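Participant: Below you'll find the structure I mean.
The values are calculated or read from the model by the stated rules, or taken from the named source; none is laboratory data. Just so we're clear, the structure is a prediction, and the values are computed from it rather than from any experiment. In this analysis, Cβ positions are derived from the backbone assuming ideal geometry, glycine residues included, and neighbour counts consider all displayed protein chains.
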Amino acid sequence: MGVAPFLILLAAIALLPLYRGTAGWWGRPWNKWLLAALCGAAGIGFHYAVAGDLARLLETLLDYLAFIALLASLYIVSGGIHISGAFSGLPWLNTAFLALGALLANVMGTTGASMVFIRPLLHANRRRRHKVHVVVFFIFVVSNTGGLLTPLGDPPLYLGFLKGVPFGWTLGLLPQWALLQALLLTVFHFVDEIVFHREELEIKHALAEDLRLAERPLHIEGWPNLLLLMAILGVVLGAGHLLPGLAKAHGDAHAASIAKIGQVAALALISGMALWLKAGPAGGVPFRRNHFTFEPLGEVASLFLGIFGAMLPALDLMQAHAGHLSLDRPWQFFWMSGGLSSFLDNAPTYLSIASLAAAKVGIHGGSLGALAQNSPTLLKAVACGSVFMGANTYIGNGPNFMVKAIAEHSGLEMPSFLAYMGWSAAVLLPIFLIETLVFFQ
């Protein structure tokens, strides 16, 4: 019964846009806010009625505020960065775009890389009639699987870093990352070549002409916003380095809250500076060229408001029964963490399954640092499952819905929730099986 609000919200996201009678209602922003708020409040009510844990509710509120502050700051700051140059929607250039995004996702985070690269990728492919697959693979590669190699890459890895996993430990995931990216980019290039050859001859000539007539190989407008982007990364990394000292002074729970509040305040200040630049005559040029609006951000903020509250009973249920699960092999942890991360927030899923893995091998207190040292294969399985399989659905990772919303705002009709899952089942699941056979048997 407690998971009903989450299932209702999930069904609404998946089904309401499909039917003519409900699509119009769902398309109004305030209706999304209303339904998300009701489902979130119901989830919170179920959790409090059973657990009576007010501290957990406050922690969830801070988690949501930190999540939205990071997403909003990256969205606003990246909106003032306009990238243009000698690129168009040719298959080899699209593949190179995704490969570069996968690399930079480890430095800028999957959210930062997604926000910076999705607009120029859409612009490069503006002449192509068939380009939905380009955005779908962008979500697979840049918004999710690319950010595996550093704690900055994806929220689960950042939480692992805060819980004692050494900063450089994730570089040991390079073989898993490299195999996945090689397979995904190969499949994408093959698909994009097939689709491209079906385009009209005039479109092919226009794309080649765009490349020939480009004034320069690469041009970036909005350099002050690039500095603000570095400031965002500094805030995230700084919060992690300050946390141990805060924990010694105030205890773990209070330290985490202080760090999140400080992070939200700092990110709000950076967002304010970006909006101040936007208001200027010169600073507003990149925003105008990016056709910047707040609509995609509002849609994501509303839906994840409901998700954060509604998923509380589901997480409670998972934690209550986790100890009874017969998990002991790396492949089991890979698919368990991945399956849950496809629908629940992948950060708390990572912490729950990693703590379970630590308990299974007898590590007292669920120390993730000790797990990384003594049973690295189990933690690698959890990390890869949580990061990779966030790509399975639009709600598996924050950037997924944001990229979808930006693409739709540009006029591209993206796949529905269920159709997107069809893409992920066809493309990602076979690759995950290969990863399992190679690394996690």
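Participant: Just for segment 16-57: of the residues that are touching a residue at least 24 places away in the same chain (Cβ under 8 Å) and under 18 Å from M421 (Cβ atoms), which one is surrounded by the most Cβ atoms within 10 Å (Cβ to Cβ)?
Facilitator: P17
Participant: Is it the case that V438 is at negative phi, under 11 Å from the mean Cα position of the chain (by Cα) and not hydroxyl-bearing (S, T, Y)?
Facilitator: Working: at negative phi: yes; under 11 Å from the mean Cα position of the chain (by Cα): no; not hydroxyl-bearing (S, T, Y): yes.
No.
Participant: I'd like the full set of residues that are assigned to a helix (DSSP H, G or I) and free of Cβ contacts under 8 Å to residues at least 24 places away in the same chain, limited to segment 333-370. Explain how you work it out, then say what you get.
Facilitator: At the first step, the residues of segment 333-370 found to be assigned to a helix (DSSP H, G or I) are 333-341, 346-360, 364-366, 368-370.
Across segment 333-370, the qualifying residues are L340, S355, A358, H364, G365, G366.
Participant: Go through segment 409-438 and count every residue that is over 27 Å from A354 (Cβ atoms), free of Cβ contacts under 8 Å to residues at least 60 places away in the same chain and assigned to a helix (DSSP H, G or I).
Facilitator: Residues meeting the conditions: 3.
Participant: Which condition breaks for L9 when tested against (1) within 23 Å of F417 (Cα to Cα); (2) out of contact with any Cys (no Cβ under 6 Å at 6 or more places or on another chain); (3) not polar (S, T, N, Q)?
Facilitator: Here L9 clears every test but (2).
Participant: Just to be sure, is G262 of a type outside the set (D, E), within 30 Å of L10 (Cα to Cα), assigned to a helix (DSSP H, G or I) and touching a residue at least 12 places away in the same chain (Cβ under 8 Å)?
Facilitator: On the way: of a type outside the set (D, E): yes; within 30 Å of L10 (Cα to Cα): no; assigned to a helix (DSSP H, G or I): yes; touching a residue at least 12 places away in the same chain (Cβ under 8 Å): yes.
Taking the combined requirement at face value, the residue does not satisfy it.
Participant: What pairs come out if I take residues in segment 287-305 that are closer than 13 Å to M115 by Cα and at pLDDT 85 or above and pair them with residues that are aromatic (F, W, Y) and surrounded by fewer than 22 Cβ atoms within 10 Å (Cβ to Cβ) whose C-beta lies under 6 Å away, six or more apart or interchain?
Facilitator: No pair meets every condition.
Participant: Taking P175 as meeting all but one of (1) crowded, with 16+ Cβ neighbours inside 10 Å; (2) more than 13 Å from A102 (Cα to Cα), write down the number of the exception.
Facilitator: Tallying (1) crowded, with 16+ Cβ neighbours inside 10 Å; (2) more than 13 Å from A102 (Cα to Cα), P175 fails exactly one: (1).
Listed here are the residues, each with its yes/no results for (1) assigned to a loop (DSSP other than H, G, I, E, B); (2) at pLDDT 90 or above; (3) of a type outside the set (F, W, Y).
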{"site": "G101", "(1), (2), (3)": "no, yes, yes"}
{"site": "N106", "(1), (2), (3)": "no, yes, yes"}
{"site": "A113", "(1), (2), (3)": "no, no, yes"}
{"site": "I118", "(1), (2), (3)": "no, yes, yes"}
{"site": "L121", "(1), (2), (3)": "no, yes, yes"}
{"site": "F137", "(1), (2), (3)": "no, yes, no"}
{"site": "F140", "(1), (2), (3)": "no, yes, no"}
{"site": "S143", "(1), (2), (3)": "no, yes, yes"}
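Participant: Another one. Within segment 113-127, does at least one residue satisfy the condition of being closer than 22 Å to L227 by Cα, crowded, with 21+ Cβ neighbours inside 10 Å and charged (D, E, K, R)?
Facilitator: Scanning segment 113-127 turns up at least one residue that is closer than 22 Å to L227 by Cα, crowded, with 21+ Cβ neighbours inside 10 Å and charged (D, E, K, R).
Participant: Residue by residue through segment 382-433, note down the ones that are more than 26 Å from P348 (Cα to Cα), surrounded by fewer than 17 Cβ atoms within 10 Å (Cβ to Cβ) and aliphatic (A, V, I, L, M).
Facilitator: Answer for segment 382-433, where residues must be more than 26 Å from P348 (Cα to Cα), surrounded by fewer than 17 Cβ atoms within 10 Å (Cβ to Cβ) and aliphatic (A, V, I, L, M): L412, A419, A426.
Participant: Going by the structure shown, is G280 at pLDDT below 85 and either surrounded by 20 or more Cβ atoms within 10 Å (Cβ to Cβ) or out of contact with any helix residue (DSSP H, G or I) (no Cβ under 8 Å at 6 or more places or on another chain) (or both)? Lay out the reasoning, then the answer.
Facilitator: On the way: at pLDDT below 85: yes; either surrounded by 20 or more Cβ atoms within 10 Å (Cβ to Cβ) or out of contact with any helix residue (DSSP H, G or I) (no Cβ under 8 Å at 6 or more places or on another chain) (or both): yes.
So G280 passes the test.
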